[in-house]
1. Tell me, which residue of region 125-150 that is of a type in the set (G, A, S) and either part of a strand (DSSP E or B) or surrounded by 15 or more Cβ atoms within 10 Å (Cβ to Cβ) (or both) is nearest to the chain's Cα centre (by Cα)?
2. Under the condition of being among the hydroxyl-bearing types (S, T, Y) and loosely packed, with under 14 Cβ neighbours inside 10 Å, which residue from region 151-169 is modelled with the highest pLDDT?
3. May I ask you to list the residues in region 401-421 that are buried (at least 16 other Cβ atoms within 10 Å of the Cβ) and among the aliphatic types (A, V, I, L, M)?
4. Say we look at region 261-283 and pick out the residues that are over 17 Å from the mean Cα position of the chain (by Cα) and free of Cβ contacts under 8 Å to residues at least 24 places away in the same chain; which of these is surrounded by the most Cβ atoms within 10 Å (Cβ to Cβ)?
5. Give region 301-346 a look and list any residue that's within 30 Å of G392 (Cα to Cα) and in contact (Cβ under 8 Å) with a residue 40 or more places away in the chain, or say none.
6. Hey, could you check region 70-92 for residues that are of a type in the set (D, E, K, R) and either free of Cβ contacts under 8 Å to residues at least 40 places away in the same chain or assigned by TED's automatic domain parsing to the domain that holds Q185 (or both) and say which is surrounded by the most Cβ atoms within 10 Å (Cβ to Cβ)?
7. So which residues in region 278-318 are among the charged types (D, E, K, R) and either out of contact with any Gly (no Cβ under 7 Å at 6 or more places or on another chain) or more than 30 Å from G350 (Cα to Cα) (or both)?
8. Quick test for you: out of E89, E122, pick the one residue that is in contact with a Lys or Arg (Cβ under 9 Å, 6 or more places away or on another chain), closer than 23 Å to V233 by Cβ and assigned to a helix (DSSP H, G or I).
Amino acid sequence: MRKDRISTGLSTLYAAMLAAAFTVDVAPVQAAEPANEEVLFEEGMQALEDDRLQTAMKAFQSILSQQPGLHRARLELAVAYYRSLQYAEARKLAQQVLDDPQTPPEVRVTVLAFLAQVQKDEATLAVRHEIKPSISAGFMYDSNVNVGPSTDIIEELPSLPLTASSLGRSDNAVVLAAGLSHRFQPGKTFQVGERTAGFLWQSQANLYNRAYNDESDFDLTILSAGTGPAWVVLRHWRANMALNVDRIWLGGSALAWFTSLSPAVTWQFDNGELTWDATLADRRYDDTADAGREGTYKATGLTLGRYFNARRVAAQVGARLLDFSADNDRFGNDGYELLAGVIVKTWPGGSVYGRANYRDVEYDAIEPLFTEARDEQERRIAAGFQHDFKAGHLAKWTLNGGIQYTDNSSNISIYNYDRRQITLNLGRTF
């Protein structure tokens, strides 16, 4: 829900303040307004409310051509320019109202606040390159480091015990992460119907490392890099396309290259948004023993998010279709995933969250030594908190903590397992 980077600082707050403050004329008018001007004003206000910005501009410009001293129309025109990212024009119009000595003091205060917001957003849009590093460090308890099965006997093959190394083992780990993001904003806008869209290019590089105290064979390191364009129509939709490359190490040895292409489109509406996203990934492994696991992963789905209680509560539900075409059908699978989650702002700077995922997949070929293909259902439940420090030695740092429980049920018992992961980390974006 933070992808709309170009809209940083843009708010409808001042537009609403202006609409409330300028419901009466603040400049003298020598004669009553013609009826068609009042009709034009109502049409302009309705167009502004509907974000038909070009129509609104034409209506208010038409009024001003007949009544140049009508600041009520001039300020609504300024709001339309503001929402169209034409900040210079918005400033010019608002300044005209300030320069009029007959502008009432209460209106002057609101116009000054509007001008301050315009200048702030104009400065944000003028930044061509924005680079943000981030770091985090923490601890993890993992009840099933090697994702071992929940039973030591293979039920499908009578009295066949699993080796001790195959059973689940618990351990603690130190988790470190670092990232670097870059946003290039050319400052160009273009029209999409009656609205104004912005273009930007986003890139990032991230390093994640999980080092277990005892089970070092399962240490995990992931180096990721991604880049791609994004388009934003403020308060209406945003879209992006990202090319990502992940280099993965397991136990200190090179494991795999994952290369993916991920498009997404989000449509915004009052107190919510709907997102479609997809992933197309090529998975390649270093060890020839894993050659059968190589293949193409595909996924697509929809996610609906809604805000409640003045945006103190955010809820989300979604569904995805999954397909992995592996070189060896034993590892290929297809299925679906369902998700639901909620985030609640519970104290100043703090929030709690809950999340649930359900995944059902069927594999493409019979498992060796067994008489059927795998059919599995995975359930994940997570809960946690986040606190942003506002003052003191930890100002601008964020503390995160949570627990995730995973239960995987399979028709083949050696793939049954459960897992608990408890995390606590401290991080910051600079």
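The values are calculated or read from the model by the stated rules, or taken from the named source; none is laboratory data. Computed from a predicted structure; not experimentally measured. FYI the Cβ positions are ideal-geometry reconstructions off the backbone, even for glycines, and counts take in every protein chain you see.
1. Restricting to residues being of a type in the set (G, A, S) and either part of a strand (DSSP E or B) or surrounded by 15 or more Cβ atoms within 10 Å (Cβ to Cβ) (or both), the top hit is S134.
2. Looking at the filtered set, the residue picked out is T163.
3. I412, I414
4. A281
5. Passing the criteria: R311, A314.
6. R74
7. D282, R283, R284, D286, D287, D290, R293, E294, K298, R311, R312
8. Selected residue: E122, the only one of E89, E122 that is in contact with a Lys or Arg (Cβ under 9 Å, 6 or more places away or on another chain), closer than 23 Å to V233 by Cβ and assigned to a helix (DSSP H, G or I).
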